[in-house]
Amino acid sequence: MGLRGSKPTFDDSSNVVYFIQIPLRGLRVPNLSPFPLKLETYLRMAKIPHESIMISTLSSKGKTPWIRHRGKDVADSQFCIEYLNKQFGVNLNEHLTKEQQAVSRAILKMVEENLYWVLVCYRWFFMNPKDMGLSQNIPSLIFAFIRRRVRKYANGQGMGRHSQEEIFHIGKLDLQALSNYLGEKKFLFGDQPSETDCSVFGMLAQFVFSNIESPHCALIKKEFPNLERYCHTMRNTFWPDWDQVLKGDASSTKL
């Protein structure tokens, strides 16, 4: 079982990767932040031994998730992946052409720098807190504090300055682009998954499995059913213990 709440003890002589994420377990997704879900999907895809630790301690950059490996702390999900690629000799993109690698980079940035803020704005500004899919209720005063803080970040990024209709439109265009590129393929670039599939799944799972009352979830079901199929494929392939994880019954060390 992953540690929750208590201060963890690291065995820096071990080659196990300690995967630290804030305890935002959802009712329908392992974490309500897409970035821990992205990183853990990568760890599973790359078959890297890891231990999940759910505590409120943020990374040195004030974000989640982060990892510790052999005494070294690494912050930011993408930097974690780059570090682990080097340490474990992993290259999940080796089957991609240079053109596909360029497209992969563009998709990664669209999903993490644009679609992410659509998710944030809808979740924190427009949705009923009861529909967010949290595994436990957030006290109203704490929720209001978080909402004010998130609004400040969203306004600084720019997405928070748009109307609800405009944000929906931006999200729709991103989802349409993903749907058009995916087509009938099993994964983004064919029958073999790549690194960017981890990021795309981490984000889309929030819409498909968690924010089921959001208009973007309805949009996916109606206009982009291949994205829903894709999420189920990724979940079934790399998260066969999905339900057990949600219940807290799954082992935290994966090979």
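GLN192 meets all of the listed conditions (1) more than 24 Å from ILE81 (Cα to Cα); (2) open to solvent by 40 Å² or more (accessible area, probe 1.4 Å) but one, namely (1). At least 1 residues being under 24 Å from MET54 (Cα atoms), of a type in the set (S, T, N, Q) and under 20 Å from the mean Cα position of the chain (by Cα) is the threshold, and among the helices (runs of 4 or more DSSP H) wholly inside region 132-224 those reaching it are 195-205. No other residue among LYS38, LYS86 is open to solvent by 40 Å² or more (accessible area, probe 1.4 Å) and not polar (S, T, N, Q) apart from LYS86.
Could you list all residues from region 22-35 that are outside any loop (DSSP other than H, G, I, E, B), surrounded by fewer than 24 Cβ atoms within 10 Å (Cβ to Cβ) and modelled with pLDDT of 90 or more?
Passing the criteria: only PHE35.
When region 89-116 is filtered for residues that are within 19 Å of GLN157 (Cα to Cα), open to solvent by 30 Å² or more (accessible area, probe 1.4 Å) and of a type in the set (A, V, I, L, M, F, W, C), the ones remaining, listed by number, are ALA106, MET110. Kindly indicate whether GLN192 is among the polar types (S, T, N, Q) and in contact with a His (Cβ under 6 Å, 6 or more places away or on another chain). Spelling it out, GLN192 is indeed among the polar types (S, T, N, Q) and in contact with a His (Cβ under 6 Å, 6 or more places away or on another chain). Residues that are assigned to a loop (DSSP other than H, G, I, E, B) and within 19 Å of ASP11 (Cβ to Cβ) within region 43-64 comprise ILE48, PRO49, ILE55, THR57, listed in sequence order. Restricting SER140, SER214 to residues that are at pLDDT below 95, open to solvent by less than 60 Å² (accessible area, probe 1.4 Å) and among the hydroxyl-bearing types (Ser, Thr, Tyr) narrows the list to SER214.
Yes/no per residue for (1) closer than 22 Å to ARG235 by Cα; (2) without any contact (Cβ under 8 Å) to a residue 40 or more places away in the chain; (3) of a type in the set (A, V, I, L, M, F, W, C):
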residue: ARG25; (1), (2), (3): yes, no, no
residue: ASN31; (1), (2), (3): yes, yes, no
residue: ALA46; (1), (2), (3): yes, no, yes
residue: PRO49; (1), (2), (3): yes, no, no
residue: LYS61; (1), (2), (3): no, yes, no
residue: PHE79; (1), (2), (3): no, yes, yes
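Could we say that SER194 is modelled with pLDDT under 95 and among the polar types (S, T, N, Q) here? Show your work before the answer.
Numbers: modelled with pLDDT under 95: no; among the polar types (S, T, N, Q): yes.
No, not satisfied.
Of everything listed in (1) assigned to a helix (DSSP H, G or I); (2) farther than 21 Å from MET203 by Cα, the single unmet condition for VAL74 is (1). Of all residue pairs spaced 6 or more apart or on separate chains, those with beta-carbon atoms under 8 Å, a first member in region 229-250 that is free of Cβ contacts under 8 Å to residues at least 40 places away in the same chain and a second member that is small (Gly, Ala, Ser) are CYS231/ALA205; ARG235/ALA205; ASP241/ALA250; GLN244/ALA250.
The values are calculated or read from the model by the stated rules, or taken from the named source; none is laboratory data. Quick caveat: nothing in here was measured; it's all calculated off a predicted structure. Counting neighbours? That spans all protein chains shown, and the Cβs are built from the backbone with ideal geometry, glycine included. For the accessible areas, the whole protein counts, side chains as well, though only heavy atoms, and no ligand, DNA or RNA atoms are used. Shrake-Rupley method; radii C 1.70, N 1.55, O 1.52, S 1.80 Å.
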